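Inspection log for the structure reproduced underneath, given as structure tokens.
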Amino acid sequence: MINLFQAMQAFVKVADVGSFAQAAAQLNVSTSVVTRHVSSLEQHLGIRLFQRTTRKVVLTEAGAQYADGCRMLLAELEEVESRATTASREVAGDLRVVALGSFSLFRLTPLFAEYHTRFPQVNLRVTLTEKRVDLLEGGFDVGIVTEHMIRSESLVVRRLINSHAVPVAAAAYLAQAGRPQTPADLTAHRLIAAPFDTTGPMWIFHKGDADSASEDGAESIAIDASFTVNSMIMQKQAALGAMGIALLPLEMVEDELRAGTLVRVLDGYSVLNGDVAVSLVYPSREFVPRKVREFIDLAVGFFK
């Protein structure tokens, strides 16, 4: 089967220099290869492109017209390639990011601000969600999501943080409902959770810190939440509103714990299945546009 692009290149080169041998030398191929390309092109078109003698090669009338058209097509292709490679090197245009909404509000704004300062020609197009997302179908360049939100198996996944979850409640709620002393006491409390809790229908507690914890001796508490919502931000607000006890990432509630607006409960226990792992995901390690690569490198360094 004819390689039309290579055949056109060889034909135009012969037309320009007037010699098969010189064209072959400039293309860094053998003369037989150039001759074969031109012959294939003539057979494909059903016309003679050159009048050949032992001393010179001359374009036919049809060959001259075809050569003009080929030069235009090859020039346009070169321009298209140039624009594509330039775009891949430039840090400009739109960068489409999908991110876990509740995580974004308290960790990602400084990252976006730093990226925008470094690369002001890039427009950040950020979509916040709490749902599973298909990065490719959604047209996103990169995602900062929990791993359960990833719908495609073909993505590169790089862990950014693993945020440990802790049970918290407002002091007003604890004053009215009492403070749980053991995980079993939670069955008598109002609980705040996601509609389909990603940790499963149970919170699993272990006495002591998380580093020394194991499944042996763990205590599982069935979750029968009185308030469910698919946003950790709303879960936090519900806890602040004295609606019950919520299991939230420690980094998300550190300021409130220091201020006393939220109180950590069961602080002698660690929760084995409540951690929130947030990862950077993107479609490929190869041919990554520079604007995406710069964002990836900045995000990885930002969360070290």
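The values are calculated or read from the model by the stated rules, or taken from the named source; none is laboratory data. Every value quoted in this text rests on a predicted model; they were computed, and no experiment measured them. Backbone-built Cβ (ideal geometry, glycine too); neighbour counts: all protein chains shown.
Scanning the stretch 280-291 for residues that are hydrophobic (A, V, I, L, M, F, W, C) and either surrounded by fewer than 16 Cβ atoms within 10 Å (Cβ to Cβ) or in a helix (DSSP H, G or I) (or both) gives a single hit, Phe287.
Taking (1) at pLDDT below 95; (2) buried (at least 16 other Cβ atoms within 10 Å of the Cβ); (3) under 21 Å from His164 (Cβ atoms) in turn, Ala277 satisfies each apart from (2). State yes or no: is Met234 crowded, with 16+ Cβ neighbours inside 10 Å and at pLDDT 90 or above? For Met234, the condition - crowded, with 16+ Cβ neighbours inside 10 Å and at pLDDT 90 or above - is met. Listed by first and then second residue, the pairs with beta-carbon distance under 9 Å, at least 6 apart or on different chains, first residue in the stretch 286-300 and closer than 14 Å to Glu114 by Cα and modelled with pLDDT of 85 or more, second assigned to a helix (DSSP H, G or I) and of a type in the set (Val, Ile, Thr), form an empty list. Candidates Glu251, Glu294: the one that is part of a helix (DSSP H, G or I) and either of a type in the set (A, V, I, L, M, F, W, C) or not assigned by TED's automatic domain parsing to the domain that holds Gly138 (or both) is Glu251. Considered as a group, the residues in the stretch 17-39 that are among the hydrophobic types (A, V, I, L, M, F, W, C) and either surrounded by 19 or more Cβ atoms within 10 Å (Cβ to Cβ) or touching a residue at least 24 places away in the same chain (Cβ under 8 Å) (or both) include one that is nearest to Leu73 (Cα to Cα), and that residue is Val38. Within this structure, Ala210 fails the test of being modelled with pLDDT of 90 or more and either of a type in the set (Gly, Ala, Ser) or closer than 21 Å to Leu108 by Cβ (or both). Between Glu42, Glu76, Glu81, the distinction of being surrounded by 14 or more Cβ atoms within 10 Å (Cβ to Cβ) and free of Cβ contacts under 8 Å to residues at least 12 places away in the same chain belongs to Glu42 only.
Listed by position, the strands (runs of 3 or more DSSP E) contained in the stretch 118-196 that have at least 3 residues being in contact (Cβ under 8 Å) with a residue 40 or more places away in the chain and surrounded by 15 or more Cβ atoms within 10 Å (Cβ to Cβ) are 142-146, 156-163, 165-169, 191-193.
Please verify whether the stretch 4-16 includes one or more residues that are surrounded by 15 or more Cβ atoms within 10 Å (Cβ to Cβ), in contact with a strand residue (DSSP E or B) (Cβ under 7 Å, 6 or more places away or on another chain) and not assigned by TED's automatic domain parsing to the domain that holds Val288. There is at least one residue in the stretch 4-16 that is surrounded by 15 or more Cβ atoms within 10 Å (Cβ to Cβ), in contact with a strand residue (DSSP E or B) (Cβ under 7 Å, 6 or more places away or on another chain) and not assigned by TED's automatic domain parsing to the domain that holds Val288. The set of residues in the stretch 240-255 that are within 32 Å of the chain's Cα centre (by Cα) and buried (at least 18 other Cβ atoms within 10 Å of the Cβ) comprises Ala246, Leu247, Leu248, Pro249, Met252, Val253. Would you pick out the residues in the stretch 49-73 that are part of a loop (DSSP other than H, G, I, E, B) and free of Cβ contacts under 8 Å to residues at least 12 places away in the same chain? Listed by number, the residues that qualify are Thr53, Thr54, Arg55.
For the stretch 92-110, taking the residues that are modelled with pLDDT of 80 or more and among the aliphatic types (A, V, I, L, M), the one that is farthest from Pro289 (Cα to Cα) is identified as Leu100.
Return yes or no: is Glu130 at pLDDT 90 or above and outside the structural domain of Val38 (by TED's automatic domain parsing)? So Glu130 fails the test. No other residue among Ser88, Ser82 is over 30 Å from Val253 (Cα atoms), touching a Pro at 6+ places or on another chain (Cβ under 8 Å) and modelled with pLDDT under 90 apart from Ser88.
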